[in-house]
Amino acid sequence: MGKDVTNEVASTGVKPAKAPMPAHHLARVVLGLTGMVWLVIGLWALADPRAVADSVDLRPDSPLGRLEIRAMYGGMSVMLGLLHGIAASRHVWFIQGLVASGMLTLGLLSGRLLSVAVEGVPGPTALMLIGAEAAGFTAVCVALWRLAVAQRAAKKALKVAAERAGVPAPSAGDPGGSADGDSKQAEGARS
């Protein structure tokens with residue numbers, strides 16, 4: 001098979017398409033990158049709240065204003081970054097982490113779009129933020145979709161394998177066996 005691909009590339013000059021990144025890798029990458037962005041923003045805001053405020057045209061002229069920048073842009077962003085990192089490190093948290101990330105990003109994006117609709121585009125920074133949040137939300141949606149497709153394919157493969165083996169396929173309610181509890185009865189008989 002490898003020889004056929006090599007001949008195809010040599011004769012046509014076109015490389016065959018690579019297989020897409022596995023769904024769980026994509027989820028981990030999206031969560032990891034998003035987490036790093038939140039972490040960088042948060043650490044920057046904690047270290048230099050005036051610079052962060054200046055970058056988005058805020059005026060924290062008082063200690064209370066700088067406290068608010070450190071809390072909302074700093075502390076909260078650091079914790080969001082850590083939350084994304086934890087979700088990226090735990091396969092069973094991928095979906096929850098992606099849903100939370102998507103809701104957060106959609107909230108930011110919709111707030112910016114509403115502001116643009118009411119007041120117009122305040123400048124190139126706003127467009128950059130809208131573009132970054134739209135790209136982030138799209139990445140989250142693609143990762144969730146890919147996980148759903150992979151989960152359906154895995155369930156189908158498990159069902160087919162169980163049918164070929166002549167055993168009942170596990171159901172959603174009983175991961176170890178059939179819906180009527182055959183596997184639990186079998187376990188009791190073995191002990």
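In table form, for the structure just shown:
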item: Label point distance in nm, Q151-A134, each placed 7 Å from Cα along Cα→Cβ; result: 2.9 nm
item: Phi-based couplings in Hz for region 36-51 (Karplus 6.51, -1.76, 1.60; Gly and Pro marked x); result: 5, 4, 4, 5, 5, 4, x, 5, 4, 5, 5, 7, 9, x, 5, 5
item: Note, ³J(HN,Hα) from phi for region 89-95, Karplus 6.51, -1.76, 1.60, rounded to Hz, x at Gly and Pro; result: 8, 10, 3, 6, 9, 3, 5
item: Proximal charge balance of A139 [Cβ under 11 Å; K/R count +1, D/E count -1]; result: 0
item: Alpha-carbon centroid distance for the pair region 34-83 / region 115-163, whole angstrom; result: 25 Å
item: Chain lengthening between R90 and E163 when straightened (0.36 nm per residue, less Cα-Cα); result: 23.2 nm
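None of the figures in this text is laboratory data; all of them are computed from the coordinates on show. Everything numeric in this text was worked out from a predicted model, so none of it was measured. Here Cβ is always computed from backbone atoms with ideal geometry, including for glycine, and neighbour counts include all displayed protein chains.
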